[in-house]
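The values are calculated or read from the model by the stated rules, or taken from the named source; none is laboratory data. Note that the coordinates shown come from a computational prediction; the quantities given were computed from them, not determined experimentally. Cβ coordinates were reconstructed from backbone atoms using ideal geometry, including for glycine residues, and neighbour counts include every protein chain displayed.
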Amino acid sequence: MTASDPQVTIERWSRDDLPLLEWANTPEMTRHLGGPETPDEIDRRHARYLVSWESGDAEMYRIEVGGRPAGGIGFWEVEHNGAPAYEAGWNVLPEAQGRGVATDALRLLIAHVRRRGDRSLLVAYPWAENAASSALCRRAGFEHRGSSTGPWRGAEATFENWVLDMSPQESAGREPDVDERFETLDRARWWPFYTPHWSSRERSAARFTTGPHGLALRIDEDTPPWAPDLDGDLRVSHLQTGQYSGPPGSGVGQHRFRDGLVVREPQPEWRLWLAQHGTIEVRMAAIRHPDAMTAFWPIGFEDAPDDCGEICIAEIFGSEIDDDGGWVGVGVKPQNDPRLRADFEKIRVEGDLTAMHDYAVEWEADRLRFFIDGRWVKTVAQRIDYPVQLMLDVYEFPRSDGARDVSALPHVLRVEHVRTTPAS
């Protein structure tokens, strides 16, 4: 989808949606399903979609783009290799194809399955010839588990087996190698400056307290913009667990957030607390204020220029917190790593996000599974295979009129702990 495309939604299948099945029942649309069905078969399918909502063993939805019907999507109970699962299926009408509609609709469907919470596997079995559906599964975080051949409408067909593992976070019997509680700030782990090579240690220095209740990172009334000519009036209070940059005047440095950056102040090289695979987690409380954002986002140490991808474990804008919950951004951002593609989305979380919540990633060789309060929320099926440093911060964004809400200051990010656990 592009910024100009209308919003994709999925709505409960209704009695008025029979024409959608008829529009999709063409030779072109059914070429990977064994061909069109008869009118009686279409009527029976429509009836099953309606009845399934009452029985609770399936949920079928109408895909809409800007309020106009664009296809269908749903899930139903199956067994996969003897384990209970839901199977997903979908179709998108030709006029809505090639615009990311299926991708958005599948993500919305996954959110429904996640909230239902009664089965930890979601599977899809597209025909082997259906490369577009397999690509969609891959983008949505499904893992390819081989292929199989079986009967289909009186003939044999070969299916690709795609599996999305939605099981909760596994922590039993695994001990962290580092369990940071912030009773003090351990300078053997933390560098209290925000990428100071692009600015200076003076401007990017963190404001914080530590103690028995953990860390409090704060932005005060007199916190200066960290790099005003590069990033406007953005203010940051930040800790990171590594530092790497080149000589003054070079473009070598971590988190190249815009073109044309040059190192202004030379920095030491610190390899303090780097992780590579395993579990990374934080317990923290967000800030409900429209100018504030809190985040925990490990990035590549970047001693090699391409090793710079971001694993966003939690990104929470204060403007996206409400009385009932809020939105938490999770996923992978390539930054400047050409081997990665952006796979980031915002997950709705019910409850008070200004209270303590747990955010984590299980990072394996070829996938990353993200969790909030121990519950699975997203899988990214990509490979990141280099050390990352931890990035923990609170931002205050400038307003268009230049004003600041000083009555709300300080903005304080509270953190109980940060942990890393090696891969088993």
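Among the residues of segment 373-400, which ones are assigned to a strand (DSSP E or B) and either basic (Lys, Arg) or in contact with a Phe, Trp or Tyr (Cβ under 6 Å, 6 or more places away or on another chain) (or both)? Explain how you work it out, then say what you get.
Step one: list which residues in segment 373-400 are assigned to a strand (DSSP E or B), which gives 375-380, 388-389, 391-396.
Answer for segment 373-400, where residues must be assigned to a strand (DSSP E or B) and either basic (Lys, Arg) or in contact with a Phe, Trp or Tyr (Cβ under 6 Å, 6 or more places away or on another chain) (or both): 375, 377, 378, 389, 391, 392.
Which residue, of 286, 292, is within 24 Å of residue 352 (Cα to Cα), out of contact with any Asp or Glu (no Cβ under 8 Å at 6 or more places or on another chain), of a type outside the set (S, T, N, Q) and touching a residue at least 60 places away in the same chain (Cβ under 8 Å)?
On the way: 292 fails: out of contact with any Asp or Glu (no Cβ under 8 Å at 6 or more places or on another chain).
Of 286, 292, the one residue that is within 24 Å of residue 352 (Cα to Cα), out of contact with any Asp or Glu (no Cβ under 8 Å at 6 or more places or on another chain), of a type outside the set (S, T, N, Q) and touching a residue at least 60 places away in the same chain (Cβ under 8 Å) is 286.
Evaluate the following for residue 73: is it surrounded by 16 or more Cβ atoms within 10 Å (Cβ to Cβ) and assigned to a strand (DSSP E or B)? I'd like the intermediate steps shown before the answer.
On the way: surrounded by 16 or more Cβ atoms within 10 Å (Cβ to Cβ): yes; assigned to a strand (DSSP E or B): yes.
Answer is yes for this residue.
Looking for something part of a loop (DSSP other than H, G, I, E, B) and in contact with a strand residue (DSSP E or B) (Cβ under 8 Å, 6 or more places away or on another chain) - is there at least one such residue anywhere in segment 314-322?
No, because not a single residue in segment 314-322 is part of a loop (DSSP other than H, G, I, E, B) and in contact with a strand residue (DSSP E or B) (Cβ under 8 Å, 6 or more places away or on another chain).
Residue by residue, here is whether (1) of a type in the set (A, V, I, L, M, F, W, C); (2) outside the structural domain of residue 120 (by TED's automatic domain parsing); (3) part of a loop (DSSP other than H, G, I, E, B) holds:
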residue	(1), (2), (3)
294	no, yes, no
303	no, yes, yes
330	yes, yes, no
340	yes, yes, yes
346	no, yes, no
352	no, yes, yes
361	yes, yes, no
365	yes, yes, yes
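Just a yes or no: is a residue in segment 47-58 in the same structural domain as residue 152 (by TED's automatic domain parsing) and under 18 Å from residue 107 (Cα atoms)? Even if it seems obvious, please write down each step before you answer.
Kept after step one, since they are in the same structural domain as residue 152 (by TED's automatic domain parsing), are these residues of segment 47-58: 47-58.
Then drop every residue that is not under 18 Å from residue 107 (Cα atoms), which leaves 58.
Yes, some residue in segment 47-58 is in the same structural domain as residue 152 (by TED's automatic domain parsing) and under 18 Å from residue 107 (Cα atoms).
Condition check ((1) under 30 Å from residue 368 (Cβ atoms); (2) of a type in the set (A, V, I, L, M, F, W, C); (3) assigned by TED's automatic domain parsing to the domain that holds residue 381) across all residues:
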{"site": "186", "(1), (2), (3)": "yes, no, yes"}
{"site": "190", "(1), (2), (3)": "yes, yes, yes"}
{"site": "198", "(1), (2), (3)": "yes, yes, yes"}
{"site": "217", "(1), (2), (3)": "yes, yes, yes"}
{"site": "221", "(1), (2), (3)": "no, no, yes"}
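Looking at (1) surrounded by 14 or more Cβ atoms within 10 Å (Cβ to Cβ); (2) within 34 Å of the chain's Cα centre (by Cα); (3) without any contact (Cβ under 8 Å) to a residue 60 or more places away in the chain, which is the only condition residue 54 fails?
The single condition residue 54 does not satisfy is (1).
Looking at 61, 86 in this structure, which one is more than 18 Å from residue 125 (Cβ to Cβ), modelled with pLDDT of 95 or more and either in contact with a helix residue (DSSP H, G or I) (Cβ under 6 Å, 6 or more places away or on another chain) or assigned to a strand (DSSP E or B) (or both)?
Selected residue: 61, the only one of 61, 86 that is more than 18 Å from residue 125 (Cβ to Cβ), modelled with pLDDT of 95 or more and either in contact with a helix residue (DSSP H, G or I) (Cβ under 6 Å, 6 or more places away or on another chain) or assigned to a strand (DSSP E or B) (or both).
Within the set of pairs 6+ apart or on separate chains, which have a first residue in segment 141-154 that is free of Cβ contacts under 8 Å to residues at least 60 places away in the same chain and outside the structural domain of residue 344 (by TED's automatic domain parsing), a second that is of a type in the set (D, E, K, R) and loosely packed, with under 12 Cβ neighbours inside 10 Å, and C-beta atoms under 9 Å apart?
149/156; 150/156
May I ask you to list the residues in segment 205-254 that are basic (Lys, Arg) and in a loop (DSSP other than H, G, I, E, B)? Outline the logic, then answer.
If we filter segment 205-254 for residues that are basic (Lys, Arg), which is where we start, we get 207, 218, 235.
Across segment 205-254, the qualifying residue is only 207.
Among all residue pairs at least 6 apart or on different chains, which show Cβ distances below 6 Å where the first residue, located in segment 58-72, is free of Cβ contacts under 8 Å to residues at least 40 places away in the same chain and the second is surrounded by fewer than 21 Cβ atoms within 10 Å (Cβ to Cβ) and part of a strand (DSSP E or B)?
Once the first residue is free of Cβ contacts under 8 Å to residues at least 40 places away in the same chain and sits in segment 58-72, its partners that are surrounded by fewer than 21 Cβ atoms within 10 Å (Cβ to Cβ) and part of a strand (DSSP E or B) give 58/76.
Determine, yes or no, whether residue 96 is outside the structural domain of residue 382 (by TED's automatic domain parsing) and at pLDDT 95 or above.
Working: outside the structural domain of residue 382 (by TED's automatic domain parsing): yes; at pLDDT 95 or above: no.
No: the conditions fail for residue 96.
Looking at segment 15-43 only, could you name the residues that are in a loop (DSSP other than H, G, I, E, B), surrounded by 14 or more Cβ atoms within 10 Å (Cβ to Cβ) and either in contact with an Asp or Glu (Cβ under 8 Å, 6 or more places away or on another chain) or touching a residue at least 40 places away in the same chain (Cβ under 8 Å) (or both)? Let's see the steps before the verdict.
Here is the first cut: in segment 15-43, the residues in a loop (DSSP other than H, G, I, E, B) are 24-38.
Checking which are surrounded by 14 or more Cβ atoms within 10 Å (Cβ to Cβ) leaves us with 24-25, 29-30, 32-33, 36-37.
Within segment 15-43, 24, 25, 29, 30, 32, 33 meet the criteria.
Quick one: count up the residues across segment 316-373 that are small (Gly, Ala, Ser), more than 11 Å from the chain's Cα centre (by Cα) and surrounded by fewer than 16 Cβ atoms within 10 Å (Cβ to Cβ).
Residues meeting the conditions: 5.
Might you let me know whether segment 270-283 holds any residue that is in contact with a His (Cβ under 7 Å, 6 or more places away or on another chain), on the phi < 0 side of the Ramachandran plot and of a type in the set (D, E, K, R)?
Checked against the condition, which is being in contact with a His (Cβ under 7 Å, 6 or more places away or on another chain), on the phi < 0 side of the Ramachandran plot and of a type in the set (D, E, K, R), segment 270-283 yields at least one hit.
Of the residues 181, 203, only one is basic (Lys, Arg) and farther than 21 Å from residue 420 by Cβ; which? I'd like the intermediate steps shown before the answer.
Details: 181 fails: farther than 21 Å from residue 420 by Cβ.
Just a single option satisfies the conditions, and that option is 203.
Just one of the numbered conditions (1) out of contact with any Ser or Thr (no Cβ under 9 Å at 6 or more places or on another chain); (2) surrounded by fewer than 18 Cβ atoms within 10 Å (Cβ to Cβ); (3) touching a residue at least 12 places away in the same chain (Cβ under 8 Å) is not true of residue 137; which one?
(2)
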